[in-house]
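What follows is a short report on a single structure.
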Amino acid sequence: MARTYYPHIYFEAARPRTRDSVTQAVSETDRRPGVTSFEEYKRVALAQLLDYIDGWTVNHRNDVVPFTLKKWQGRTLVLIRLGKMKWPRKYQKIVDLINHYRRRISKTKSLQARIRLAMEVARELGISEKEAMQILRRVRQRKFG
């Protein structure tokens, strides 16, 4: 059975109509609403990985729910479709990278070790550690704030 795709909830609306922890954690890099640049796309992918670290997430109804594999696959599907539409030659490397590190993070028990792995991803994506920690704080604030 095919997965239902709701583009209006995530990135294709003029203003994202969601209280989802990932979309709220990444700030706009330009004046246009939504994910409009590849740099912003990389930050959204990193925010998704940082949201996965503690095993909990906030869904678009503002409920704190477990971050299951099914939810990961749904949000990755949104990233894939957005990447195919706007950056068809560059998105696959980002998706493969966050999926690889998600598997490594799921095998690690310590929260600090998981954060270190996420900072490796940030370095590979060209995002500063300071900005990655800021995104991590925003993602976690929505759940435990």
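The values are calculated or read from the model by the stated rules, or taken from the named source; none is laboratory data. These figures come from a predicted structure and were not determined experimentally. Cβ sites come from the backbone with ideal geometry, for glycine too, and all protein chains shown count toward neighbours. Just so you know, the surface numbers come from the protein's heavy atoms only, side chains and all, with ligands and any DNA or RNA stripped out. Shrake-Rupley method; radii C 1.70, N 1.55, O 1.52, S 1.80 Å.
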Which pairs have Cβ atoms under 6 Å, sit 6 or more apart or on different chains, and link a residue in the range 19-48 that is on the phi < 0 side of the Ramachandran plot to one that is modelled with pLDDT of 75 or more and basic (Lys, Arg)?
-> Ala25/Arg138; Val26/Arg43; Gln48/Arg75
Residues of the range 40-83 being open to solvent by 10 Å² or more (accessible area, probe 1.4 Å) and in contact with a Leu (Cβ under 6 Å, 6 or more places away or on another chain), in sequence order, are Lys42
If you take the residues of the range 86-139 that are under 22 Å from Leu69 (Cβ atoms) and not in a helix (DSSP H, G or I), which of them is most open to solvent (accessible area, probe 1.4 Å)?
-> Lys109
